Amino acid sequence: RDGTHKKQFLEPVSVPTIIDIIKQAPEVDAIVVGWDHRLTALTIAVAAQYVRWSEELGDTMHIFACSMDIGGIVGRASHDFEVPSFAGRKVRTLGIGTMATAISRCAASE
């Protein structure tokens with residue numbers, strides 16, 4: 001694999017889309033969360049569904065996070081940024097821990 005996201009994961013969250021993705025990979029036995037700059041609501045929903053269905057069947061689907069950071073810094077706004085008060089400031093994004101927690105919390109919801 002070259003790390004390219006499947007276009008299907010850019011679609012809105014829906015039952016048919018989640019079911020179709022799971023049908024393509026029914027034998028998942030763990031969720032591995034890494035640094036994902038394109039995480040979507042659908043990605044979280046599919047992962048949570050695997051976890052939830054595994055639990056309902058009496059199995060355990062582990063979620064492995066490559067780290068548990070809340071956020072990360074992807075760079076800085078340029079020093080000539082159009083909003084002077086934000087010039088040179090850090091640009092933040094979700095951390096892997098936040099991503100893994102989102103999956104876990106989604107799977108636990110009723």
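All of the numbers you see were taken from the coordinates with simple rules; none came from a lab. Bear in mind the structure is a predicted one, so any value in this text is a computation, not a measurement. Glycine gets a Cβ as well: all are built from the backbone with ideal geometry, and neighbour counts include every protein chain shown.
Calculate how many DSSP beta bridges within the chain are antiparallel, expressed in % of all such bridges and rounded to the nearest 5. Kindly include the intermediate steps, with their values, before the conclusion.
Values: 5 of 9 bridges.
Taking every DSSP beta bridge with both residues in the chain, the antiparallel ones total about 55 percent.
Using every Cα-Cα pair within the chain, state what percent have a distance larger than 16 Å.
66
Tell me, what is the percent relative contact order of the chain, built from C-alpha pairs under 8 Å that lie six or more residues apart?
27
Compute the distance in nm between two label points, each set 7 Å from the Cα along the Cα-to-Cβ direction, one at Ser14 and one at Val28.
Each label point is offset 7 Å from its Cα along the Cβ direction, giving 2.0 nm.
Choose one of Val46, Ala87, Ser67: the residue whose Cα lies farthest towards the positive end of the charge dipole of the chain (beta-carbon charges +1 Lys, Arg; -1 Asp, Glu; about the Cα centre).
The residue sitting most towards the positive pole is Ala87.
Taking θ as phi - 60°, what are the ³J(HN,Hα) couplings along segment 25-41 by the Karplus curve (6.51, -1.76, 1.60), each to the nearest whole Hz, with x for Gly and Pro?
With the stated coefficients, segment 25-41 comes to 8, x, 9, 5, 10, 6, 10, 10, 10, x, 5, 10, 7, 10, 4, 10, 4 Hz.
With the chain treated as a Gaussian network of Cα nodes joined by springs under 10 Å, which of Glu56, Glu27, Glu82 yields the largest mean-square fluctuation?
Checking each option, the largest mean-square fluctuation is seen for Glu82.
Report the normalised scattering of segment 41-101 as log10 I(q)/I(0) at q = 0.23, 0.25, 0.28 Å⁻¹, calculated by the Debye formula with identical scatterers on the alpha carbons.
Each listed q corresponds, in turn, to -0.92, -0.99, -1.07.
When the helices in the chain are scored as -39500 (n - 2.57) per DSSP H run of 4 or longer and the sum is shared across all residues, what 222 nm value do you end up with, to the nearest 500 deg cm²/dmol?
Using -39500 (n - 2.57) per qualifying helix, the result is -11000 deg cm²/dmol.
Which of the peptides 62-74, 41-53 is most tightly packed, and how do the rest follow, going by the mean number of other Cβ atoms within 10 Å of each residue?
41-53, 62-74
Under 11 Å from the 7 Å Cα→Cβ point of Leu57, by amide nitrogen: which residues of segment 70-105?
Once the point is set 7 Å along Cα→Cβ of Leu57, nothing inside segment 70-105 turns out to lie under 11 Å by backbone N.
If you place +1 on the Cβ of every Lys and Arg, -1 on the Cβ of every Asp and Glu, and leave all else neutral, what size is the dipole of the chain about its Cα centre, to the nearest 20 Debye?
Roughly 460 debye for the chain.
Which order do peptides 18-26, 89-97 fall in by mean Cβ count within 10 Å, highest first?
89-97, 18-26
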